[in-house]
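Here the structure is laid out as structure tokens; the discussion comes afterwards.
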Amino acid sequence: MTVFIASLFLPKTVHFTLPGTPPRGARPEKTLPPKVPRPDTLERQPSLFETKNITPPHTPTEEKKPGDTWVNEDGLRVHLPPLEIATDGFRAPADRSSPTWGGRPDQPMSRANSPPPSSLLDKKSLLRKATEMGRSGITQPNTQGRSESRDRVFQNANWKIVNADQGNGGLRNAADAAARDGNLGDFTWVGTLGMPTDALQGTQQLQDIEDRLATEHDMLPVICSDKDFDGHYSHFCKQILWPVFHYQIPDNPKSKAYEDHSWQYYVNVNQAFADKIVKNWKKNDSIWVHDYHLLLVPHMVRKKIPEAKIGFFLHVAFPSSEVFRCLAVRKQLLEGMCGANLIGFQIHEYTRHFLQTCSRILSAEATPDGLQLEDRFVDVINLPIGIDPVSLSQHREEPEVKRWLDTMRKLYEGKKLIVARDKLDHVRGVRQKLLSYELFLNKNPQWREKAVLIQVALSTSEKSELDATVSDIVTRVNSSWANLAYQPVVYLKQDIDYAQYLALLSIADALMITSQREGMNLTSHEYLYCQDGKISEKKHGSLILSEFTGTSSLFGGNELSVNPWDYRACADAIKKALEMDDEEKERRWTKLSEAVNLHTGSHWFTEFTSRLDRVYEEQHRRDQTSVPRLSMNNLLQQYNRTERRLFILDFEGTLVSWGPVNQIIPVSPQRTFDVLNDLLLDDRNTIYVMSGRRPEELDRMFRRVPNLGLIAENGCFLKDCGSTTWKEMADPEQIRTWKESVGGILNYYLERTPGAQIEDRRCSLIFHYKSAEDYEAATRQAIDCASHINDACEDQRVHAIPMDGCVLVEPIDWTKSTAAQRIFSDLRDHMAPDDKHNSPVDFLMVVGDGREDEKVFKWANTLGEEKVVKEVVTVSLGTRNTEATATLTQGVSGKFTSPSLSDPWDEMEANLRTIIGVLMALQKLASIA
């Protein structure tokens, strides 16, 4: 079995060795070293802490890193641009002057135009222009101004496979850790090369690259055109999806202008991923798709391979439904995600937002475990990713890290260091952090010349006003309090190398993260791990963390939680972090460190794949096409060889085929009553009928079946066999409390839905809108109403369920399943003391057709699997996927229909008549016995 890990970028990419031709307009330096570079001629990436004679020397075998400058074999000085590294793990070239990607000296240039021309939507104009250019022999230049002929040198250049700089580092570390720990078998990466490929299309060079990646590295490269990738990544992902997922509506003119056709590029790239997976998939393989770049892939694969095992994990935040619904393609994105068997998010908040959004936009039934779609169930979980402590520990032992530690101790002796490392965009809250620090120095003059904020700001692909604003704040703070021996803010607008980063985390007194919204901030995890004192003195430094990061929900309040927009509170948190006594620091750090060591990358990877295997098996078992038709021969044998039998039968849609719960049944189902009475003549049989109706309705309906047990209002009321009184299962005070809250919400929507009505039952409320004047508008209002209730009343243990023509609001804690468990327990209590170690029944049959019956099926099946009950039969009459072990609507002798029936109610009755036939057969067997 192979696990396909689909992520936008592969962990590997390709570097080419080109002839030493200088870039256009460049002049070779006059004082060139020899053509073979010597170690002492290699220049190191600039550093916050760099002084003369401090930089550790390069070794001759050291591989070139982003930010390095060196002299190639032809005597030309080559510079590899530094990288931006987002705290969500994604990396991309940092010196891009436009949103297009590409531009490294050792990789082809992109041929995509960016931004796409506004005439792109005008197909006739585009075709005419292309024709004219073709006739005149013009070659369209790419965004860097190079012609296609310039890129042909790559088709014959030497190349090698190297580690990629861009991509989801957290995912790669987790996969490597799981493989190292023996928790991951065969796996194959699926992704793009992270470089433009138009220059190599149709060449043997590209085919050789694909073959080597597949055979030597277990990687399947997805090759798409430069235009598709640029429109997908630089436009739709970064200008539309990224802002929306981080609670920022993309209202700038550029993203509005190109949303329509950038969506098509997004579809094209997702389809290329799906096609690559489908082509290489084999039975029993697993598919795991990652992040917002590939939201459509699960559904695309599902259409081609309905039986595939597919997981999806979103690494960034998922916004509330109010924000997500602003996307023009909201429905397509949700349907794409719902193609998976299992969908994972970082924390519970994002899971809840997703379920509410699907309920609101897709009208899907959201349950605590996932989504019930028309034909299948999708499990939804939250599972936070973490770091790899083993790998991090190994890197910390490197001599270069220790040299940087010594350097920083000398540079910042007697100072308290507050460190920060963020991407310079509006989401990361760098501006808010600096303003809070400025306020801290204003309010606490005693900390001037003692506290230093070291801010590493990772550059972004586009220049913005934020860059200038942050620089102005840094200048103002430093000009106010700096002197020859003290600089309050050390600001570096580029990344530092990994050794400096680890040394900085080890020596820091506090880490400050003020993100306005973030999925999971792993920098905080690395900081806490580096504070253990193994390579430096024990700091146990404080963590100042924004409450809007996913990480905040893992730490149980042991961090200093802040609202980035509350500058005064952030300034107070800085003061508290620096003045906290050692005992409190150690206590907080111990708790935080436990959370970091519990939620590791290896644990995350292993747990998700294990959950995917389990939910796939459960869903496959519940699939209607896999559920066998009830065998009458086996049922009669099971019935005949048992002595203590319990029947739990649904009423509406099972024993009778008419009469919704808000309507009075017009005709008494006499035949049903007769069969029940005949079965109850046998003392070995106990029968309960469960319904959503009120107790008084069921009393009136079944007054002719005196020995029948009843379950009313979906488990809130219970009447034992032969009893004349009802037991109220639900807590009346709790019911009254949530009804007051929910009633106000329902009345709000009732006023806006002419023709709708509210039915107040003892333990539930029903918003009926089937008779509304405008049914479509009423449906939208009902969906909004359900979302509103589920969001506002979650803590009151109540949920709203959109159903056909109504919204049912009922308690979570009392269901048909809890009533069934109470019945089973009561039967055991009535057994003789010496016999109570045995099961009160040896035959259990549950029959139903609706959503509420599924929990009862699951409970009954568990009793059978654990051998508590000798014979368990669960039968579904519905068409949805089910927990039941048998159905009456599958197979050649499926549901009974009569071509002569004209009344639709009669036809429905005929379709359901088989369950009465089953009971009649059992009754006949009992009478014979």
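Numbers for the structure displayed
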| read-out | value |
| --- | --- |
| Peptides ranked, highest mean first, by Cβ atoms within 10 Å: ranges 795-803, 290-298 | 290-298, 795-803 |
| Separation in nanometres of the label points that stand 7 Å from Cα toward Cβ, at GLU594 and GLN637 | 5.5 nm |
| Among beta bridges that DSSP assigns inside region 389-599, antiparallel share in %, nearest 5 | 5 percent |
| Amide H partners (placed H, <5 Å) of GLY370, local residues excluded | VAL380 |
| Counted charge near ASP369, where neighbours are those whose Cβ lies closer than 14 Å (Asp, Glu -1; Lys, Arg +1) | +3 |
| Karplus-derived 3J(HN,Hα), 6.51/-1.76/1.60, for each residue of region 704-716, Hz, glycine and proline x | 8, 10, x, 8, 8, x, 9, 10, 10, 6, 6, x, 7 |
| Spatial separation of Cα centroids for region 371-408 and region 558-625, in angstrom | 11 Å |
| Which of ILE574, ILE711 has the fewest Cβ neighbours within 10 Å, and the rest in rising order | ILE574, ILE711 |
| Cβ-based charge dipole, region 732-811, positive-most Cα from VAL742, ALA782, SER764 | SER764 |
| Long-range HN-HN contacts of SER561 with modeled amide H, under 5 Å | LEU545 |
| Across LYS279/LYS423; LYS303/LYS770; LYS410/LYS539, pairs whose alpha-carbon gap is larger than 27 Å | LYS279/LYS423; LYS303/LYS770 |
| Gained length - GLU537 relative to ARG752, 0.36 nm times residue gap less alpha-carbon distance | 70.9 nm |
| Most to least packed among 511-519, 422-430, 857-865, 700-708 [average Cβ atoms within 10 Å] | 511-519, 422-430, 857-865, 700-708 |
| Ranked list, fewest to most other Cβ atoms within 10 Å of each Cβ, for SER825, SER602 | SER825, SER602 |
| Computed over region 349-416, the ratio Rg/Rh where both radii use C-alpha atoms and Rh is Kirkwood | 1.46 |
| Debye-sum result for region 475-581 in log10 I(q)/I(0), which assumes one identical scatterer on each alpha carbon, at q = 0.15, 0.18, 0.24 Å⁻¹ | -0.74, -1.06, -1.42 |
| Simple Cβ-charge dipole of region 389-599, Lys/Arg +1 and Asp/Glu -1, about Cα centre, in debye nearest 20 | 360 debye |
| Theoretical FRET efficiency, 1/(1+(r/R0)^6), r = Cβ-Cβ of LEU373 and SER825, R0 25 Å, to 0.05 | 0.15 |
| Sorted by Cβ neighbour density within 10 Å, fewest at the top, the residues LEU314, LEU545 | LEU314, LEU545 |
| ³J(HN,Hα), Karplus 6.51/-1.76/1.60, whole Hz, each residue of region 294-304, x for Gly, Pro | 10, 5, 8, 4, x, 5, 5, 5, 4, 5, 8 |
| Net charge of Cβ neighbours under 11 Å - reference GLN204; Lys, Arg +1; Asp, Glu -1 | -3 |
| Percent of beta bridges antiparallel (DSSP, region 331-429, rounded to nearest 5) | 60 percent |
| Order by protection proxy (mean Cβ within 10 Å, highest first), peptides 216-222, 738-744 | 216-222, 738-744 |
| Simple spin-label estimate for LEU492 and GLN332 in nanometres, 7 Å along Cα-Cβ | 4.3 nm |
| All-pairs Cα distance distribution in region 732-811, expressed in whole percent, bin size 5 Å | 3, 18, 32, 25, 14, 7, 2, 0 |
| Sites LEU466 and LEU439 - FRET efficiency at Förster radius 22 Å, r taken between beta-carbons, to 0.05 | 0.70 |
| Amide H contacts of HIS799 (H built 1.01 Å from N, under 5 Å, at least 5 apart or other chain) | GLU810, ILE812 |
| Scattering profile of region 555-637 at q = 0.19 Å⁻¹ [log10 I(q)/I(0), Debye over alpha-carbon scatterers] | -0.95 |
| Added length on full extension, which subtracts the Cα-Cα distance from 0.36 nm per residue, VAL868 to ALA179 | 244.1 nm |
| Difference of contour (0.36 nm per residue) and Cα-Cα distance, VAL153 to ALA832 | 235.4 nm |
| Per-residue ³J(HN,Hα) for region 585-601, Karplus 6.51 cos²θ - 1.76 cosθ + 1.60, θ = phi - 60°, Hz, x for Gly and Pro | 4, 5, 4, 5, 4, 4, 5, 5, 5, 4, 5, 5, 6, 7, 9, 8, x |
| Cα→Cβ-extended label distance, 7 Å offset, between GLN248 and ARG762, nm | 5.5 nm |
| Charged-residue dipole, Cβ positions (Lys, Arg, Asp, Glu), region 770-882 about Cα centre, Debye nearest 20 | 320 debye |
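Every number here is computed from the coordinates shown, using simple stated rules; none is lab data. The shown structure was predicted, so the numbers you read here are calculated from the model rather than taken from an experiment. We place every Cβ from the backbone using ideal geometry, glycine too, and count neighbours over all the protein chains shown.
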